[in-house]
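Everything on this sheet refers to the single structure shown next.
The values are calculated or read from the model by the stated rules, or taken from the named source; none is laboratory data. Since we're looking at a predicted model, the values are computed, not measured. Please note: Cβ atoms are built from the backbone with ideal geometry, for glycine as well, and neighbour counts cover all protein chains shown.
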Amino acid sequence: MARYKGPKTRIARKFGEAIYGPDKRFDRSSLPPGIHGLTAKRKKLSTYGLQLKEKQKAKYTYGILEKQFSNLFKKAASKKGITGEILIQLLESRLDNVVFRMGIAPTRDGARQLVSHRHITVNNRVVNVPSFELKAGDIVAVREKSKSLEVITESLSGARHGKFSWIEWDENLKTGKFMNIPAREEIPENIREQLIVELYSK
């Protein structure tokens with residue numbers, strides 16, 4: 001299945017929350033998609049349906065394809081600790097997500113494109129793999145020749161740095177330090193990861 005490229009507001013309405021961030025269209029109407037909204041007859045979701053919906057929400061939120069997500073879950077399950085929490089931490093440690101969190105790009109899709117187009121470095125080396133897993137202490141930066149790109153300058157001008165305790169940003173150098181893997185309670189995404197664990201445990 002290819003990555004979703006359609007209207008993001010429609011997906012946000014499907015889950016009943018603005019999973020892609022501030023959305024004026026969603027604010028105007030957060031009813032489920034479709035011409036009938038809440039008036040349509042909707043079956044109560046089964047336990048499996050709820051679990052599947054939560055996995056889909058996580059995939060859409062972080063922009064992960066099915067195979068990537070499955071592999072990430074297997075990696076989380078192989079580590080010591082709470083599998084669901086580790087899964088969310090692995091998603092947060094992806095390079096494209098951290099570029100987004102640092103404010104270099106306004107969206108995760110935009111961050112993925114910047115990484116793929118070789119505008120981002122990690123520890124002074126260009127990395128063009130959005131799924132690259134960052135480690136504590138890694139330095140993420142905008143390439144020197146890319147610092148003047150309008151999409152980057154506009155995004156950084158409106159970014160609120162210091163919002164995330166696990167990221168340290170240097171405005172002058174346009175670099176950020178991935179301080180540590182955040183604890184689950186620090187990650188703002190509204191995902192019930194235990195439902196995802198239960199889905200994969202069947």
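Numbers at a glance
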| item | result |
| --- | --- |
| Residues of the range 103-123 satisfying the condition of being of a type in the set (A, V, I, L, M) and surrounded by fewer than 22 Cβ atoms within 10 Å (Cβ to Cβ) | V122 |
| Subset tally (residues that are in contact with a helix residue (DSSP H, G or I) (Cβ under 9 Å, 6 or more places away or on another chain) and either part of a loop (DSSP other than H, G, I, E, B) or crowded, with 18+ Cβ neighbours inside 10 Å (or both)) for the range 129-146 | 9 |
| Condition met for V115 (touching a residue at least 60 places away in the same chain (Cβ under 8 Å) and outside the structural domain of F69 (by TED's automatic domain parsing)) | no |
| Hits in the range 147-183 (condition: part of a loop (DSSP other than H, G, I, E, B) and among the β-branched types (V, I, T)) | I181 |
| Residue in the range 157-165 that is modelled with pLDDT of 95 or more, out of contact with any Cys (no Cβ under 6 Å at 6 or more places or on another chain), under 29 Å from G81 (Cα atoms) and among the small types (G, A, S) present | no |
| Residues satisfying the stated conditions in the range 53-87, i.e. surrounded by 20 or more Cβ atoms within 10 Å (Cβ to Cβ), aliphatic (A, V, I, L, M) and more than 13 Å from the chain's Cα centre (by Cα) | L72, A76, I86 |
| The one condition in (1) under 25 Å from L195 (Cβ atoms); (2) of a type outside the set (S, T, Y); (3) assigned to a loop (DSSP other than H, G, I, E, B) that R118 fails to fulfil | (1) |
| Residues that are more than 21 Å from L134 (Cα to Cα) and aromatic (F, W, Y), drawn from the range 153-173 | none |
| Residue in the range 181-199 that is nearest to K75 (Cα to Cα), counting only those that are surrounded by 14 or more Cβ atoms within 10 Å (Cβ to Cβ) and over 15 Å from the mean Cα position of the chain (by Cα) | V197 |
| Total residues in the range 59-88, condition charged (D, E, K, R) and not in a helix (DSSP H, G or I) | 2 |
| Residue count, the range 184-201 (criterion: in a loop (DSSP other than H, G, I, E, B) and free of Cβ contacts under 8 Å to residues at least 40 places away in the same chain) | 2 |
